[in-house]
Amino acid sequence: MVGVLKLPSAETAMKKTAGLVWWCLLLTAICLTFHTVSADHSGAVAHAGSPAESAGAILPTLFGMHVHMRPMRPQPWPSAPIGSFRFADTVVGWDRMNPADGRYDWRLFDREMAELKSHNIADVLFTFHSTPTWASSGPYHRCAHGRLADLPEGNSINSQLGSCDPPNDLKPDGSGSDQHWIDFLTALATHNKESRTERVKYWEVWNEPHNDFFWSGTDAQMVRMARDAYTTIKRIDPDALILSPSPGTNPRLGMKWMDSYLAAGGGQYADVIAFHGYLQTTSAMDLVSRVANFRQMLASHGQDTKPLWDTEASWGNAENLGFNEEQQAAFLAQFYLLHWSIGIPRLYWFGWNDGNVGTLWIPDSENPSGPGTLTRAGRAYIEVYKWIVGARLTRPCAEEGGIWTCELQTSDGHEGQVVWTAGGDKRYSPKSSLTRAHDLDGNVSSIAGNIRVHETPVLLEAQ
């Protein structure tokens, strides 16, 4: 019998073609979704609008850090683990790396990047700040005032004249060439891409623009600078992520500035929304309401689906707050746990060796390059890192009857719970399966029945 090839009718062919197109579209959507989820769990792009990703392990990049690198007074590298690093020092400001029109000095930038590579730190955020005097619209304006004005020149990122003012080729309405800024962006992004050491992956457009000593320009000028940063850097490095300027969470200052900036269109030039989570209170738990209010404001501008990163925060100045060492350690532990719990995948602590703000390590005044002293909060940082990196939150942190609990599965698969009080000592009855307690000094003890808990968190764990 001779076989006969039967051709399909036109109608049948159209149906099959439509079916193939439908399947192709479906497969494309699945691939895109998988790519998005993968990006979320890398820590680079995490979901910003919901509580902690309870299905995902807590990442090392949650533990960001600022370390002042002082070329003239070298200090030892931190003994604590660092999951991500933020550059916001005086030595790597726009003013220092671009001292004259068309002239660039990358020596300290390269030195710091080489230092990071030597310590296997590959996750780097760079923050722009400090307009050079030669490019400033206010070349005779002394931006620093108050406490900052008393610091020696070079110890503050706004010590140069005109550093807080917009470039002189950018008009108040955002028009103008903005060529000084574009030239610097091009030079730095190109140099970074060609680096043989580490490379910056994330770029934060400006530091604390709600403070007039860091920024005195208009919203339109900052939006234009953000647009030029976004387009220039991504043209050179398409994989780069651009962060918004980073305001504080104070509703009368930082949030007011951010609301106005987003209303002017700034959100469209950010992959990630940055903020500085200083609370200026002794309660780390205040973060929860601050961020909830921030998210409401972001939603009003259609920006609530973007990741939220806290690119600089700590308790602030301990002396001003009357904070003793135990309170500092408790605050740090609560702060990191609460960030992850409310869906903020990164907190860049400020700072390891600052001396005034959030200090975790104190150098020996007689031997600055010696081992120095790790503060109690510094030890707490190391312990909390051990507790939760690789662990999974099985229930977000929550308060009941003045006691906060965060339920988790530890990195080795054990059931665990971190517990602390909102104030004072209280009696607490944990699950009978939780038989060991880890404190912030690294001590481990056996527990049974009713226990006493206080403001300093403890990790309770099943054996």
Condition met for Gly93 (in contact with a strand residue (DSSP E or B) (Cβ under 6 Å, 6 or more places away or on another chain) and closer than 19 Å to Gly351 by Cβ):
no
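Among Pro51, Pro78, which is the only one that is closer than 18 Å to Tyr336 by Cβ, within 21 Å of the chain's Cα centre (by Cα) and at pLDDT 95 or above? Give the steps one after another, and end with the answer.
Details: Pro51 fails: at pLDDT 95 or above.
Residue meeting the stated conditions: Pro78.
Go through segment 439-455 and give me each residue that's buried (at least 20 other Cβ atoms within 10 Å of the Cβ) and within 30 Å of the chain's Cα centre (by Cα). Break it down stepwise before answering.
Here is the first cut: in segment 439-455, the ones buried (at least 20 other Cβ atoms within 10 Å of the Cβ) are 440, 453, 455.
Once the filter is applied, which keeps residues that are buried (at least 20 other Cβ atoms within 10 Å of the Cβ) and within 30 Å of the chain's Cα centre (by Cα), segment 439-455 yields Leu440, Glu455.
What number of residues in segment 427-457 are assigned to a loop (DSSP other than H, G, I, E, B) and of a type in the set (Ser, Thr, Tyr)? Outline the logic, then answer.
Initially, segment 427-457 is screened for residues assigned to a loop (DSSP other than H, G, I, E, B), giving 429-435, 439-443, 447-450, 454-457.
Going one step further and asking which of them are of a type in the set (Ser, Thr, Tyr), we end up with 429, 432-433, 435, 456.
Counting residues in segment 427-457 that are assigned to a loop (DSSP other than H, G, I, E, B) and of a type in the set (Ser, Thr, Tyr) gives 5.
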Could you please find all residues in segment 409-426 being within 21 Å of Ala329 (Cα to Cα), of a type outside the set (Ser, Thr, Tyr) and in a strand (DSSP E or B)?
Gly416, Gln417, Val418, Val419, Trp420, Lys426
Name the residue that is nearest to Asn320 (Cα to Cα), counting only residues in segment 340-367 that are in contact with a strand residue (DSSP E or B) (Cβ under 6 Å, 6 or more places away or on another chain) and among the hydroxyl-bearing types (Ser, Thr, Tyr).
Tyr348
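Would you tally the residues in segment 292-330 being of a type in the set (Val, Ile, Thr) and surrounded by 19 or more Cβ atoms within 10 Å (Cβ to Cβ)? I'd like the intermediate steps shown before the answer.
Here is the first cut: in segment 292-330, the ones of a type in the set (Val, Ile, Thr) are 305, 311.
Remaining after also requiring surrounded by 19 or more Cβ atoms within 10 Å (Cβ to Cβ): 311.
The qualifying residues number 1.
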Cβ-Cβ under 6 Å, sequence separation 6+ or interchain: first residue in segment 390-407 and basic (Lys, Arg), partner in a loop (DSSP other than H, G, I, E, B). Which pairs?
Arg392/Ala57
Just give me the residues in segment 69-87 being assigned to a loop (DSSP other than H, G, I, E, B) and either outside the structural domain of Phe126 (by TED's automatic domain parsing) or closer than 21 Å to Tyr385 by Cα (or both), in sequence order.
Pro76, Trp77, Pro78, Ser79, Ala80, Pro81, Ile82, Gly83
I need the full set of residues from segment 402-438 which are within 28 Å of the chain's Cα centre (by Cα) and of a type in the set (A, V, I, L, M, F, W, C), in order please.
Ile403, Trp404, Cys406, Leu408, Val418, Val419, Trp420, Ala422
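Yes or no, residue by residue, for (1) touching a strand residue (DSSP E or B) at 6+ places or on another chain (Cβ under 8 Å); (2) buried (at least 20 other Cβ atoms within 10 Å of the Cβ):
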| site | (1), (2) |
| --- | --- |
| Lys386 | no, no |
| Arg395 | yes, no |
| Glu400 | no, no |
| Gln409 | yes, no |
| Glu415 | yes, no |
| Gly423 | no, no |
| Arg427 | yes, no |
| Lys431 | yes, no |
| Leu434 | yes, yes |
Positions within segment 352-371 being at pLDDT 95 or above and of a type in the set (Gly, Ala, Ser), in sequence order:
Gly358
Subset of segment 331-374 [small (Gly, Ala, Ser) and either surrounded by 20 or more Cβ atoms within 10 Å (Cβ to Cβ) or on the phi > 0 side of the Ramachandran plot (or both)]
Ala333, Ser341, Gly343, Gly351, Gly355, Gly358, Gly372
If you check Glu326, Glu399, which single one turns out to be at pLDDT 95 or above and assigned to a helix (DSSP H, G or I)?
Glu326
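The values are calculated or read from the model by the stated rules, or taken from the named source; none is laboratory data. Keep in mind it's a predicted model, so treat the numbers as computed, not measured. Glycine gets a Cβ as well: all are built from the backbone with ideal geometry, and neighbour counts include every protein chain shown.
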